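These notes concern the structure reproduced below.
The values are calculated or read from the model by the stated rules, or taken from the named source; none is laboratory data. Fair warning: this is a prediction, and the values are worked out from it, not measured in the lab. Glycine also receives a Cβ, built like all others from the backbone with ideal geometry; neighbour counts cover every protein chain displayed. These accessible areas exclude ligands, DNA and RNA; they are computed on the full protein's heavy atoms, side chains included. Shrake-Rupley method; radii C 1.70, N 1.55, O 1.52, S 1.80 Å.
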Amino acid sequence: MNFSERLKREREKRGWSQHELAEKIHVSRQSVSKWETGKNYPSIEIIMDLSDLFGLTIDELLRSDKDLKEKVIRDSKQLAYPKWKVFFDSVFMLGAFLLAAKLIILALNNWAGTHITILEGVPWFVSNLLPLVLMVCGGIGSDQLKTKYKD
């Protein structure tokens, strides 16, 4: 039996509506509904509250549902290099911003008749390739770090 079925069975065994269960654990009725239909899973804190409320062990609630077990494990892990991940994400976003600005300026120059210059005197390859290089480096760095967790 998976988590959603177990939750619904335990709630109905006590004669509670979704709204009543939601009030007891301080969440919305919609959250309970999503858990019971398997559209979403609760956090580990809520699982602990449900365990206490139903008089079940956390193991009884988690072991039966592979997806929920994996979510709890994934949520409990901490990135090994969170500052580097933020750095590479920022580099990617800077590249995306520069590329968008360049495209807007080019569009204005071509269709609106403006004459905006971008960093006059800077070599062509720097102004044209820098945004792409930043996006590629930032994307690769961020992607490499997203699965590196502390042991």
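Given R₀ = 22 Å, FRET efficiency for Ser33-Asn2 by Cβ-Cβ distance, to 0.05? Let's see the in-between values first.
Working: r = 16 Å, r/R0 = 0.72.
After rounding to 0.05, the efficiency reads 0.90.
Among the GluC sites (Glu not before Pro) in segment 49-151, which ones are in a DSSP loop with at most 14 other Cβ atoms within 10 Å of the Cβ? Mind listing them? Walk me through the numbers before you get to the answer.
On the way: sites: Glu60, Glu70, Glu120; in loops: Glu120.
Answer by residue number: Glu120.
I'd like to check one number: the per residue accessible area of the chain, probe 1.4 Å, reported in Å² as a whole number. Could the numbers behind the result be given before it?
Values: 10290 Å² over 151 residues.
I get 68 Å² per residue for this part.
For Thr117 and Lys69, compute 0.36 nm times the residue count separating them, minus their Cα-Cα distance, and round to one decimal in nm. If you can, show how the numbers build up before the last one.
Details: separation 48, 0.36 × 48 = 17.28 nm, distance 5.53 nm.
Taking Thr117 through Lys69 to full extension adds about 11.8 nm, to one decimal.
How about Lys102: which aspartates and glutamates have a C-alpha closer than 16 Å to its C-alpha, ignoring those fewer than 8 places off in the same chain?
Glu120
Projected area of segment 26-147, taken from the Cα convex hull and averaged over every viewing direction, in nm²? Walk me through the numbers on the way to the answer.
Values: hull surface 50.8 nm².
It is 12.7 nm².
Give me the number: length gained by fully extending His19 to Phe125, i.e. 0.36 nm times residue separation minus the C-alpha to C-alpha distance, one decimal in nm.
Details: separation 106, 0.36 × 106 = 38.16 nm, distance 6.12 nm.
Here the segment from His19 to Phe125 would lengthen by 32.0 nm.
Assuming 0.36 nm per residue, please report the length gained on full extension of the stretch Leu56 to Ala101 beyond their Cα-Cα distance. Walk me through the numbers before you get to the answer.
Numbers: separation 45, 0.36 × 45 = 16.20 nm, distance 5.64 nm.
That pair, Leu56 and Ala101, stretches by 10.6 nm at full extension.
Explain nothing, just compute: Karplus ³J(HN,Hα) = 6.51 cos²θ - 1.76 cosθ + 1.60, θ = phi - 60°, for every residue of segment 58-69 in order, whole Hz, x for Gly and Pro.
4, 4, 5, 7, 8, 4, 6, 10, 4, 4, 5, 4
Using a 1.4 angstrom probe on heavy atoms only, work out the carbon and sulfur share of the accessible area of segment 83-151 in %. Don't skip to the end; give the middle numbers.
Values: 3800 of 5230 Å².
Carbon plus sulfur share of accessible area: 73 percent.
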